[in-house]
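Student: After the structure tokens below, expect a handful of questions from me.
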């Protein structure tokens with residue numbers, strides 16, 4: 001029974017509410033899995049705290065553009081000063097190295113324009129520049145859609161984005177999609193996922209012309225690599241299903257027809273939550289929120305959820321059996337060899353990731369014979385605690401932390417817990433310590449087999465990387481020994497990773 | 001005859017760069033430029049007073065687009081930031097900044113702390129200087145600069161940081177004989193900045209000089225304080241760093257010279273050495289001896305690589321897309337010494353109007369065809385220029401990579417944004433810099 005009261009979304013509103021208001025999301029937590037679950041079950045709301053010291057996190061704009069820049073026949077306009085588009089620098093070329101034989105489309109452009117707000121625009125308003133950018137984007141690419149991402153500057157000035165959209169839309173064929181991702185709008189930058197999804201559903205998704213019973217929307221933002229897609233496609237083809245990956249690298253049409261899918265399946269709880277709900281509420285597309293397809297059991301459950309909505313129960317049961325029978329002997333060998341590389345002891349890991357990975361990697365880790373020392377999520381939404389409760393029942397207790405990318409807190413926890421392995425976001429940098437470190441997932445254009453972590457065979461790829469990392473810790477150890485840490489020693493001598501967090505004064 | 005085939009193309013005057021939208025522009029904002037400098041001065045700790053994503057958007061993106069250079073001591077997502085949100089927009093951000101500064105001083109081990117304020121702080125009028133002054137009694141200096149994103153580009157941010165150091169921290173010092181300041185090489189905007197500064201420094205060291213390079217070495221706060229002890233400031237850029245050097249001249253009576261492009265290979269590096277040596281009145285015999293030895297070695301390098309130039313790339317036609325300093329430096333070496341043919345030079349870092357003629361002048365009469373010179377920042381427009389040009393080799397940013405490679409042309413990433421190359425020590429500056437370009441270029445051609 002869910003304790004979490006969900007309200008219907010208002011898809012006619014200008015944009016989505018912020019997540020701290022809609023869901024009661026937090027991004028400061030340190031405790032145990034059991035205390036998190038118990039508090040939640042006793043009806044205690046997650047407590048909001050502010051940090052008096054912070055390191056740079058993401059904002060709504062960064063979270064929006066790094067995904068929507070990849071829409072293949074769209075142009076992204078970053079409506080802000082030139083620096084707001086700096087995060088898009090590498091994306092135009094990103095998927096170009098994927099071989100055509102692995103399904104890369106031959107012709108596509110990923111284009112991003114900055115409206116390049118300068119000092120005089122800040123004085124006189126940025127609407128003229130936005131209009132100019134839309135027309136320029138339309139003329140250069142004749143795109144199917146133009147996504148407009150707003151910035152702090154445009155928000156503080158109060159540019160009338162909808163006014164510009166309404167006045168320019170009749171002049172051009174490209175569908176204009178304004179996303180309200182002003183960086184300051186929410187302390188939970190994952191609000192950007194809601195704002196993007198809101199805009200996509202409001203402006204782009206069309207009512208279904210027909211139901212496509214074999215089509216599965218797969219929430220695929222950023223952390224789904226090309227190799228994951230290739231593997232999921234392989235399995236889908238075996239059971240007569242097709243995947244519609246959204247939003248990363250989708251076409252405008254693929255987004256428009258999300259309403260026709262049989263079901264929407266998750267790979268990222270944070271990204272998918274609003275989009276899945278919006279598609280259900282507006283177009284009746286069913287969805288499931290858990291599990292994520294990581295490890296054998298989770299992958300089997302994930303496929304079974306898909307089966308429920310596609311009528312493929314028989315085919316999918318056969319697929320699950322076949323995959324598990326292929327993977328299991330290799331997994332047994334891998335487990336033995338992992339254990340051997342640690343002289344018989346169980347390896348322990350610290351998992352820092354988004355909500356889906358922190359909730360479902362523990363089960364994958366258990367299948368590899370690895371113990372979880374702690375999980376650290378960027379944010380905690382109340383609903384994910386229901387998934388964590390199941391994890392707790394199966395695997396027992398471990399530490400839980402949430403920080404929205406605060407390396408000083410991770411560093412504190414790593415120093416105290418001393419796990420064998422830290423597995424985190426590929427961007428965090430190397431934690432200098434005695435112990436290994438690997439990235440959770442590779443980059444999205446990575447098509448090599450080791451970049452596949454999802455569905456059944458992904459556990460082997462993950463395991464082989466972990467094994468190699470555990471066997472050679474020279475990078476983290478060398479940097480630990482030979483280069484300085486920026487944090488003063490008292491930080492590690494006091495016990496509280498949340499020492500800089502304080503409850504909000506009311 | 002000099003200008004026979006020279007065509008200069010750029011936007012009409014009514015479309016100055018700050019008046020138009022830009023597709024994938026080849027620089028970032030003032031805040032990014034300021035952070036690029038501060039995070040690369042040893043043990044100077046940045047405090048970003050800006051929207052929550054600004055630190056990540058600049059520093060994390062530099063980690064990718066600035067030739068994959070890692071975060072070092074404190075940068076990337078480690079960088080302290082006030083992560084301003086709605087509360088600060090409504091009520092002001094000074095109190096948040098005060099807490100953040102206290103926390104940073106207590107937690108992060110540094111020799112100086114530098115607040116860099118972005119768009120929000122500037123638009124809501126936070127008085128960052130007065131917050132910084134509240135920390136005047138601390139053992140370490142606390143500085144602050146307003147580098148709002150709309151105030152300019154990366155190069156603006158670079159100058160703003162040095163201007164703040166000079167106005168608020170650097171005190172007059174007795175001159176140290178043979179000490180020179182180097183300006184104009186902007187971290188990340190020049191992806192080879194580490195190696196380039198090292199090469200320049202090593203060359204000047206051989207001349208008996210000591211070099212204040214500030215960024216990318218261990219000098220840190222002491223290096224900054226020693227700005228006023230120099231005998232000369234050397235600006236290696238057509239314009240970036242000139243303001244800084246002028247301010248130093250005004251405040252500390254230290255003259256400056258500019259060398260308006262990256263000296264690459266023997267001819268230009270020797271010119272550079274002569275210019276510096278003459279300004280500092282180093283005896284001619286001393287610097288000519290150095291030049292003779294270095295040149296002999298550099299020409300011998302070319303002798304070794306030259307056979308392959310003739311075999312694999314005779315009079316190889318190339319296009320280059322880079323900042324003015326790099327584009328001019330590399331083009332001059334390849335055309336004047338290695339027999340390559342520059343067909344088009346696209347300057348992508350928006351030099352001010354008053355230095356554009358000089359940039360063109362430095363690309364004239366190099367031997368071979370006269371290249372077409374284009375000033376453009378917008379990636380789409382740059383691609384249109386490339387499509388119309390004849391080349392076999394493209395030296396450019398990673399944003400042009402697949403345009404060239406789709407047609408089987410050879411591509412080498414030499415400028416920002418550089419997502420397809422990891423650069424730590426590599427350099428195209430100095431006596432060995434030219435042959436390094438040839439090594440990297442021809443290694444892409446040679447097929448067993």
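Student: Quick one: A:448, A:35, A:402, fewest Cβ neighbours within 10 Å first, how do they rank?
Tutor: Exposure proxy ranking, most exposed first: A:448, A:35, A:402.
Student: Calculated from DSSP H runs of 4 or more alone, at -39500 (n - 2.57) each and per residue, what is the 222 nm mean residue ellipticity of chain B, nearest 500?
Tutor: -12500 deg cm²/dmol
Student: Based on DSSP, what percent of beta bridges with both residues in chain A are antiparallel, to the nearest 5?
Tutor: 15
Student: In vacuo Debye scattering of segment B:403-448, one point per C-alpha: log10 I(q)/I(0) at q = 0.25, 0.27, 0.29 Å⁻¹?
Tutor: After summing over all Cα pairs, the log10 values are -1.08, -1.16, -1.21.
Student: So for A:37, B:373, fewest C-beta neighbours within 10 Å to most, what's the order?
Tutor: The order, fewest Cβ neighbours first, is A:37, B:373.
Student: Now for a different question. Round to a whole angstrom and tell me the spacing of the C-alpha centers of segment A:96-140 and segment B:316-388.
Tutor: If we compute the Cα centre of each part, the gap is 25 Å.
Student: Just want to confirm a number: the relative contact order over segment B:318-448, from Cα pairs under 8 angstrom separated by 6+ residues, in percent.
Tutor: 25
Student: Taking Rh as the Kirkwood radius computed over C-alpha pairs, what is the Stokes-Einstein D of the protein assembly as shown at 25 °C in a medium of viscosity 0.890 mPa s, expressed in µm² per second?
Tutor: Details: Rh = 29.2 Å.
So the translational diffusion coefficient is about 84 µm²/s.
Student: Kindly state, as a whole number, the per residue volume in cubic angstrom of the convex hull around the alpha carbon atoms of segment B:285-331.
Tutor: 93
Student: Let me ask something else. Where the Cα atoms of segment B:212-366 are projected onto their three principal axes, how long is each span, largest first, in whole Å?
Tutor: The Cα atoms of segment B:212-366 stretch 53, 39, 30 Å along their principal axes.
Student: With a cut-off of 8 Å between alpha carbons and a minimum separation of six or more residues, what is the relative contact order of chain B in percent?
Tutor: Normalised by residue count, the contact order of chain B is 20 percent.
Student: Rounded, prolate or oblate, given the Cα gyration tensor of segment A:386-457, with a/c below 1.5 counting as rounded?
Tutor: Working: a/c = 1.88, a/b = 1.12, b/c = 1.68.
Oblate, since a/c reaches 1.5 and b/c is not below a/b.
Student: For a label point 7 Å from the Cα of residue A:477 along Cα→C-beta, name the residues of segment A:395-437 whose backbone N is under 17 Å from it.
Tutor: So the set is A:418-422, A:431-437.
Student: Another question, if that's okay. Using alpha carbon coordinates only, what is the Rg to Rh ratio of segment A:284-350, with Rh defined as the Kirkwood radius?
Tutor: 1.14
Student: Here's a follow-up. Under the Kirkwood approximation for Rh and a Cα-based Rg, what ratio Rg/Rh is obtained for chain A? Mind dumping the intermediate values first?
Tutor: Working: Rg = 22.7 Å, Rh = 23.7 Å.
That ratio equals 0.96.
Student: Right, something else. Distance from the Cα centre of segment B:73-145 to that of segment A:152-230, in angstrom?
Tutor: If you average the Cα positions of each part, the centres end up 33 Å apart.
Student: Of B:202, A:386, A:231, how do they rank once you tally other Cβ atoms within 10 Å and put the fewest first?
Tutor: Details: B:202 15, A:386 18, A:231 22.
Fewest-to-most Cβ neighbours within 10 Å comes out as B:202, A:386, A:231.
Student: May I ask for the Rg/Rh ratio of chain B, computed from Cα atoms with Rh as the Kirkwood radius, given to two decimals?
Tutor: 0.98
Student: Where a ≥ b ≥ c are the square roots of the eigenvalues of the C-alpha gyration tensor, would you call segment A:407-446 rounded, which needs a/c under 1.5, or, failing that, prolate if a/b is larger than b/c, or oblate?
Tutor: Prolate.
Student: Defining a contact as two alpha carbons under 8 Å apart and six or more residues distant in sequence, what relative contact order in percent does chain A show?
Tutor: Relative contact order for chain A comes out at 19 percent.
Student: Right, next: For peptide B:83-92, how many partner chain Cβ atoms fall within 10 Å of a residue's Cβ, on average?
Tutor: On the way: counts 12, 4, 13, 7, 3, 1, 6, 1, 0, 0.
Mean inter-chain Cβ contacts per residue within 10 Å come to 5.
Student: Turning to a different aspect of this structure: Compute the whole-percent fraction of alpha carbon pairs in segment B:97-183 spaced more than 15 Å apart.
Tutor: Of all Cα-Cα pairs in segment B:97-183, 65 percent lie more than 15 Å apart.
Student: For every helix of n ≥ 4 consecutive DSSP H residues, a contribution of -39,500 (n - 2.57) applies; sum these over chain A, divide by its total residues, and give [θ] at 222 nm rounded to the nearest 500 deg cm²/dmol.
Tutor: -13000 deg cm²/dmol
Student: Okay, next question. Checking the a/c ratio against 1.5 first, then a/b against b/c, what shape does the Cα gyration tensor give for segment A:367-406?
Tutor: Oblate, because a/c is 1.5 or more while a/b does not exceed b/c.
Student: Take the Cα coordinates of segment A:189-307, assign each an equal point scatterer, and use the Debye formula without solvent to give log10 I(q)/I(0) at q = 0.12, 0.19, 0.20, 0.22 Å⁻¹.
Tutor: Log10 I(q)/I(0), no solvent term: -0.38, -1.00, -1.12, -1.37.
No value in this document is a laboratory result; all are computed from the given coordinates. It should be emphasised that the depicted structure is a prediction, and the values quoted were computed from it without experimental measurement. Counting neighbours? That spans all protein chains shown, and the Cβs are built from the backbone with ideal geometry, glycine included.
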